[in-house]
Every structure is written in C-alpha cells, then in structure tokens.
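Novice: Handing you a structure now.
The values are calculated or read from the model by the stated rules, or taken from the named source; none is laboratory data. Not measured: the values here are computed from a predicted model. Here the Cβ positions follow ideal geometry from the backbone for every residue, glycine too, while neighbour counts run over all protein chains shown.
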Amino acid sequence: MKKLFRAFAALAPLLLVACATTPQLVRNKGDVAALAQQEARERQLANADHWVLQGKLGVSNGQDAGSGGFTWTQEGDHYEFVFRTPITGKSYRLTGGPDGAELDGADGGPQRGPDAEALMRRALNWEVPLDELRAWVLGVRAQGAQAELSFGDNRLPSALQQDGWTVTYPLWDTTRQPPLPAKVFAEKPPYKVRLAIESWSMQ
C-alpha cells in the first residue's frame, strides 16, 4: 500500500493546486424553478446505467494522496473501473456487480470480496463510496439516505450532502442535455475523492 502512494507522491501537489484554484461555489437552497429542473434531470437520468466515463481521479485518506487516469464502464448493475498510475504505468482493475467484486493489480494478486467499497478499503486503503458515486457522478441524488441540495446561479447543483459525504460540483458540461458534471469532488473527512471528467459516452 505504501508503495502505491509513494508512486503517486509527485502528482499529489498538482491535485492540491487544482483544488485550491477552484472558484468559490455559489450555494443556495434553490427556488421552485431550480428544484423542478433538478427533478426533471433526475427523471431523465433515472435509467442511465450504460456508459463509458474517462478522466482523472484523485484520492486522499488524510495522510496520503495520489492521482491518475481512470476509465469507468457501467453496464447495468455491472461495472469495470480501471485506474492507471502515470509514473509507474501500473494499473488497477475493479470489476463487479451484485454478486461481489474483484480487484486486479494490487500486491498479492487478485483479491475478491462481496462489497467493492470494503475491498478497496482493505486492499488500497481507499474510502470511495462507489454505490453512491454512481449517482453523484450524474449530478443526481443516490437512493436511500436523505440528501440536501444546494444550487448555483445556473440552477444546477453546486453541492449535495448525503450519507455523511459533501459532494461539490465546480464545473458542469452544459452542452449536453441534460447537463452532466465535468468535475465531482466528494469529501467525508479525512477522505477525499475528486474526479475531473474528460469524456462521457452514454449508451
């Protein structure tokens, strides 16, 4: 595990700089129009479960941090998440679905478990709310826990609080209909997960 984070060490300052230069987000509870627009977005995206998403991922556990490129393929309830480290060229591949998850690339060979989040926590010391992130990356509320939304001047979500996590949306791709997040920052101290999305391919 320590080897993994040491490999990322050179990139961690870049991640911190990117976060530090993010403009202050406008946050308000939203008027009737903003809430109606969000509910319409969520209805449009309710069945969005086939996509290929590419970009940059940054993670921190409060002591160590790192970043790299990722590709996330979602096929219904099954997924493949590939994370690539630019310095070492090493990659990690997380696959799974309702029947469990498998992680390839970690020390000691492939590892399996019934829960992807617990598997990443055990193998990589990462705290990534993968189930909720599947919704948050679309800019919608995850099912289950109560969520609190804040909106920006564009009437799109600027922040979402759910299940102990605060998710912020510094940038949206408004060329798409419905609009989709271009940056997703999730934080539950001391853990942080940051995605900069470079391309979406919806099916």
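Novice: What number of residues in region 159-202 are under 18 Å from Gln38 (Cβ atoms), in contact with a Gly (Cβ under 8 Å, 6 or more places away or on another chain), surrounded by fewer than 21 Cβ atoms within 10 Å (Cβ to Cβ) and in contact (Cβ under 8 Å) with a residue 60 or more places away in the chain?
Specialist: Adding up the residues that qualify gives 1.
Novice: Quick test of your reading of the structure: Gly96 fulfils all but one of (1) under 30 Å from Val32 (Cα atoms); (2) assigned to a strand (DSSP E or B); (3) without any contact (Cβ under 8 Å) to a residue 24 or more places away in the chain; (4) not hydroxyl-bearing (Ser, Thr, Tyr). Name the failing condition by number.
Specialist: (1)
Novice: Got at least one residue in region 145-152 being modelled with pLDDT under 95, closer than 13 Å to Leu35 by Cα and part of a loop (DSSP other than H, G, I, E, B)?
Specialist: Yes; the residues of region 145-152 include at least one that is modelled with pLDDT under 95, closer than 13 Å to Leu35 by Cα and part of a loop (DSSP other than H, G, I, E, B).
Novice: Which of the following residues is within 17 Å of the chain's Cα centre (by Cα), surrounded by fewer than 17 Cβ atoms within 10 Å (Cβ to Cβ), under 17 Å from Val184 (Cα atoms) and among the hydrophobic types (A, V, I, L, M, F, W, C): Val137, Val52, Val128?
Specialist: Val52
Novice: Against the condition at negative phi and surrounded by fewer than 16 Cβ atoms within 10 Å (Cβ to Cβ), how does Asp99 come out, does it pass?
Specialist: yes
Novice: Name, by its number, the condition in (1) at pLDDT 95 or above; (2) out of contact with any Ser or Thr (no Cβ under 7 Å at 6 or more places or on another chain); (3) more than 26 Å from Arg141 (Cβ to Cβ) that does not hold for Ala65.
Specialist: The failed condition is (1).
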